[in-house]
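K.L.:
Handing you this structure, nothing more for now.
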Amino acid sequence: MDKPEVVLGVSGGIAAYKACELLRRLTESGHDVRVVPTGSALHFVGEATWSALSGNPVSTEVWESVHEVPHVRIGQAADLVVVAPATADLLAKAAHGLADDLLTNTLLTARCPVIFAPAMHTEMWEHPATQENVATLRRRGAVVIEPAVGRLTGVDTGKGRLPEPAEIFDVCRRVLTRGAAGAEGQDMAGLHVVVSAGGTREPLDPVRFLGNRSSGKQGYALARTAVARGARVTLVAANTTGLPDPAGVDVVPVGTAVQLREAVLKAAADADAVVMAAAVADFRPAHYAEGKIKKKDGADPEPVALVRNPDVLAEISADRARSGQVIVGFAAETDDVLVNGRAKLERKGCDLLVVNEVGERKTFGSDANEAVVLGADGSETPVPLGPKEALAEIVWDLVSRRVR
Ligand code: CTP
C-alpha cells in the first residue's frame, strides 16, 4: 500500500510556523506530504524548513520543474489537501477560482477532500467578504475549520487564531478515513465504550516480571478516535507509562492480568462496547517471591512454574453485562493468520476479532498497522497498512453498526 499523499498548503500568516508541527504529525503517522507554500508564506518560514521536514521538493510557483506539469499533477495525485494557515486572501482566491501560484492551481485541480484552517484578525474573519467566501467553500464540500479564540499576533485577543496543530491533524485523519463528512461526525455520541490497552506484567519478585512487547498505541488510538466521535471512553491501560493520557478519556491504570480483569469487568457493567486491545498474559508465575530471587553459586536456576490467568475476553463474551453489548478482541498471529483468527473468534465468543500479523519488526511499537477484521457473522474486512487511527476508525464503524 502506498502512503496517503497529502498536500500541505501554507499561506502567508504568522501562524505558518505552527504548520511545521502539523507537517511533523502527518509525516510521522505515515503520510507522504508535499508542502506548497505561497510566496508570502516564505517570509515567515523558509523553503529549507519545509523541504527538510517533508523530505520532498518545495515550490511556490508554476514555473519550476515545468516539464512535470506540477500545477496539475500535485493536485490530481493528492488524497487530501489541507491549507494551514489559510489567510483571508487565500480563502478569497479559492472561493473565486483564481489560480496565480502553485497552491491556488493545486486547489483547482484537486478532486480529493480539501480542508482550510483559517487564521487572521477577528475583523478580517468577521468581514462579510470573508464570511461569504467561507460559505461558498463549505457549500462546495470543503471543510473549513472554525478559527480558535485567543491571543492573536500582537497583544490583541479574539476569534481568528489557528486551531492547535493536534486538532487540525485530528480533522485531517478523520477526513482521510471517513471523507469530508467525518470532520464533524459525532456518530458515537451517547455511547460508553471500554478499551483495554498495553501489555500486562506478571511479577516473579519485586524487581522482575513476565511481560510482552505491546506498546499500547493501538488501544490509545481507539480511545482517541472514540472520544472524537462523541463517545464516553474508559481506557484500562496496562503498563503504558510512556503514553500521555488522551484528552477526555477516563484512564484506569493496571499492572497484571488479574487487575486488568477487575477493571474491565467494572467498566463494562454499563458499556455499549468493549474492545480488548491489550496483550494479556495467558499465564503468571505460580509463586511470587516476596524478596528478590538470588542466584545460588554453581547451582542451576529453579524452573518457573506457571498457572493460567483468567481469559477476560472469553469471560465477558460468554457473560455479557448488557444485552446487545458488542465485544471486540485482537489477535496477534505469526502464521496461518486467517485460519487461526477464525478459530480464535469462535473460541473466544466475541463479535469481532481484529487479526494482526506480527513479527520482529511488525506492529509492536510502530505507528502503522495492517489487519483483517473478522466478524462472527462471517464478514471479513481487510484494513490496508496505514496509521493505527485508521484501523481504529474502521473498528468503530463496525462496532457502531452492531450497537445500533
Ligand atoms: N485476552 C484476554 N485474556 C487473556 C488472554 C487474551 O482477554 N488471558 C484477549 C486479548 O486482549 C485479545 C485476545 O484475547 O483481545 C486474543 O489474545 P491472544 O493472546 O492472541 O489469544 P490466545 O487466546 O492467548 O491464543 P494464543 O496465545 O494461543 O494465540
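The values are calculated or read from the model by the stated rules, or taken from the named source; none is laboratory data. What you are looking at is a predicted structure, and each value in this text was computed from that prediction instead of being measured. Please note: Cβ atoms are built from the backbone with ideal geometry, for glycine as well, and neighbour counts cover all protein chains shown. Just so you know, the surface numbers come from the protein's heavy atoms only, side chains and all, with ligands and any DNA or RNA stripped out. Shrake-Rupley method; radii C 1.70, N 1.55, O 1.52, S 1.80 Å.
K.L.:
Name every residue in segment 368-396 that is out of contact with any strand residue (DSSP E or B) (no Cβ under 6 Å at 6 or more places or on another chain), within 21 Å of G216 (Cα to Cα) and modelled with pLDDT of 90 or more, in order of residue number.
P.N.:
A392, E393, V395, W396
K.L.:
In addition: If you check A99, A48, A92, A86, which single one turns out to be touching a residue at least 60 places away in the same chain (Cβ under 8 Å) and assigned by TED's automatic domain parsing to the domain that holds V134? Break it down stepwise before answering.
P.N.:
On the way: A99 fails: touching a residue at least 60 places away in the same chain (Cβ under 8 Å); A48 fails: touching a residue at least 60 places away in the same chain (Cβ under 8 Å); A92 fails: touching a residue at least 60 places away in the same chain (Cβ under 8 Å).
The unique qualifying residue is A86.
K.L.:
What single numbered condition from (1) under 14 Å from P165 (Cβ atoms); (2) without any contact (Cβ under 8 Å) to a residue 12 or more places away in the chain fails to hold for W63?
P.N.:
Every listed condition holds for W63 apart from (1).
K.L.:
Now for a different question. Where in segment 250-326 are there strands (runs of 3 or more DSSP E), lying fully within it, with 1 or more residues that are within 22 Å of A376 (Cβ to Cβ)? Write out each step before concluding.
P.N.:
Working: elements: 250-254, 273-276, 283-285, 306-308.
Because the criterion is at least 1 residues that are within 22 Å of A376 (Cβ to Cβ), the strands (runs of 3 or more DSSP E) in segment 250-326 that meet it are 273-276.
K.L.:
Are there any pairs with C-beta distances below 8 angstrom linking a residue in segment 307-324 that is farther than 30 Å from L204 by Cβ and open to solvent by 60 Å² or more (accessible area, probe 1.4 Å) to a residue that is within 12 Å of the ligand (Cβ to nearest atom) and outside any loop (DSSP other than H, G, I, E, B), with the two at least 6 apart or on different chains, and if so which?
P.N.:
Taking only residues 6 or more apart or on different chains, the pairs are R320/I327.
K.L.:
Another question about this same structure. For D335, which of the numbered conditions (1) within 11 Å of the ligand (Cβ to nearest atom); (2) open to solvent by 20 Å² or more (accessible area, probe 1.4 Å); (3) within 26 Å of V236 (Cα to Cα); (4) not polar (S, T, N, Q) fails to hold?
P.N.:
It is condition (3) that D335 fails.
K.L.:
For R322, indicate whether it is within 15 Å of the ligand (Cβ to nearest atom) and basic (K, R). Even if it seems obvious, please write down each step before you answer.
P.N.:
Numbers: within 15 Å of the ligand (Cβ to nearest atom): no; basic (K, R): yes.
No; evaluated as a whole, the condition is false for this residue.
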